Every structure is written in structure tokens, then in C-alpha cells.
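The values are calculated or read from the model by the stated rules, or taken from the named source; none is laboratory data. Just so it is clear, the model here is predicted, and its values are computed rather than measured. Glycine gets a Cβ as well: all are built from the backbone with ideal geometry, and neighbour counts include every protein chain shown. To get the accessible areas, we keep the full protein, side chains included, count just its heavy atoms, and leave off ligands, DNA and RNA. Shrake-Rupley method; radii C 1.70, N 1.55, O 1.52, S 1.80 Å.
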Amino acid sequence: MPAMSTTLLAAAMFAFVSTITPGPNNLMLAASGVAVGFRRTLPLVLGITVGFQALLWAVAAGLGALFLRLPALHWTLKFVGAGYLLYLAWKLWRMSSAPMAATERAPGFAKGVVFQAVNPKAWMMTIGAVGAYTSAGAGYWPSVTAISALFLVLGLPCIAAWAAFGAALRASLGDERRMRLFGRGMAVLTGASCVLVFL
């Protein structure tokens, strides 16, 4: 198998595994699916996808290297990311305190986009992908494009599956008490994940 094909296969496996496994994005999507259902969570799915793609291209353009060269900037990102995760956990807790009305605002596109800037897992994924799977020289930007396409094709269904998982739980949990307990559990897990920022 040609080296390029092997690299793309490895990048595809990395994109799939890193996107499907639990993290702040997926916890937020599952909690939203439970709270408001799959259809109303779709703007959040799209926002996460767009935000992640923007972060990937920013890292490829040199932002990731800047953070690695400036430890103070890196630590600032860590604290901002941890703070935002705690804020998100609080919002999830409040969202689970009572069923959302049909007219109540669900987590939306803008939140998904902005959250990627402070999502520590998204930074790890983009820096890891650009560092490990891009080609040197003239092949650099074509390889970035290929990685971007892999994360789009594989990542979008993976994160949508978490929203669908939450929506399926919404139907199976039945009563409001179980939904509230699940939502609060997701809030606690989201808050606890801020510890991973500093590991």
C-alpha cells in the first residue's frame, strides 16, 4: 500500500476514534438530545462541526505551534477552557432542572462554534492530526485538506449519533424525574471533565 494511503487510513482511524469517544462536545450533545430532542439539537451539531473545522485550519496555519511555543498562552487557554466547561456544566444542570418548553431556546449553532475555541479535546485532536498526518513541503495543504475532509465525513455522523443517543434516551427515560437525574449526571460529568484540561 502506498505511504500516502497508509497515512490517510491512520488519519481516518484517528478521526473516527477521537470523534466518537466521550468528550465535552459529545456530553453536551447527549444532554441536549435528552432535553430537547434530536431535531432541535441539530443546530448544535452543525455548530460543533463548523467550529471544529475552523479550529483545524487555524491550527494548520500555525496557531497550534504558537500555543506550544508560548506556555503562558497555553495555560491561559487551559484556564479559560476549564472555566467554560464549568459554566457549561451549570447550564446543563439548569436545563435538566425542568423540562424545556417547545418555545424555549435550545443550545444552538453559535454555542457549538464558539465552544471549540476552549474545548481542550478539540485542541488535542486538531494539533495531533496536523502534527501526525500532514505531509511536508508542497504536499502540506493538500494533506490538511484531506484531514479536514476526513473529520467532516467521519466526524459529523459520530457527533450526530451522540445527539441521537440522547434523543433515544429521552423517549426511554419516560418520566421527568429520570430525565432530570440523567441531565444532572451529564452536567456533573461535564464539570468533572475540566480536570482533564490540566493533565
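Rg then Dmax, both in Å and based on the Cα atoms of region 111-162: 12.4, 38.
When shorter helices are ignored and each DSSP H run of at least 4 residues is given -39500 (n - 2.57), the per-residue value for the chain at 222 nm works out to -27000 deg cm²/dmol.
Surface composition of the chain: carbon plus sulfur atoms hold 74% of the accessible area, using a 1.4 angstrom probe and ignoring ligands, DNA and RNA. For the chain, modelled as a GNM whose springs connect Cα atoms under 10 angstrom apart, the maximal fluctuation among A149, A82, A187 occurs at A149. Computed from Cα atoms, the angle from the helix 3-20 axis to the main principal axis of the chain rounds to 20 degrees.
Scanning residues 5 or more positions from S135 or on other chains, those with amide H under 5 Å from its amide H are S143, V144, with H placed 1.01 Å from N in the peptide plane.
Model label sites at A149 and A132, defined 7 Å from Cα along the beta-carbon direction, differ in position by 2.1 nm. Projected over all directions and averaged, the alpha-carbon convex hull of region 126-192 occupies 5.9 nm². With kT/(6 pi eta Rh) evaluated at 20 °C and eta = 1.002 mPa s, and Rh the Kirkwood radius from Cα pairs, region 1-63 diffuses with a coefficient of 157 µm²/s according to Stokes-Einstein.
Given Cα pairs under 8 Å that are at least 6 residues apart, what percent is the relative contact order of the chain?
46 percent
Converting phi to 3J(HN,Hα) with the Karplus coefficients 6.51, -1.76 and 1.60 and the offset θ = phi - 60°, region 147-157 yields 5, 4, 5, 4, 5, 6, 5, 8, x, 4, x Hz in sequence order, with x at every glycine or proline. Sorting the segments 86-92, 8-14 by their mean number of nearby beta carbons within 10 angstrom, highest to lowest, gives 86-92, 8-14.
In whole percents, the pair-distance distribution calculated for the chain from its alpha-carbon pairs, binned every 5 Å from zero, is 1, 8, 15, 19, 18, 15, 10, 7, 4, 2, 1, 0. Ordering of 137-148, 109-120 by packing is 109-120, 137-148, highest average first (other Cβ atoms within 10 Å, averaged per residue). For region 122-137, 3J(HN,Hα) computed residue by residue from phi via the Karplus equation (6.51, -1.76, 1.60; θ = phi - 60°) reads 4, 4, 4, 5, 6, 5, x, 5, 5, x, 9, 10, 8, 9, 7, x Hz, glycine and proline entered as x.
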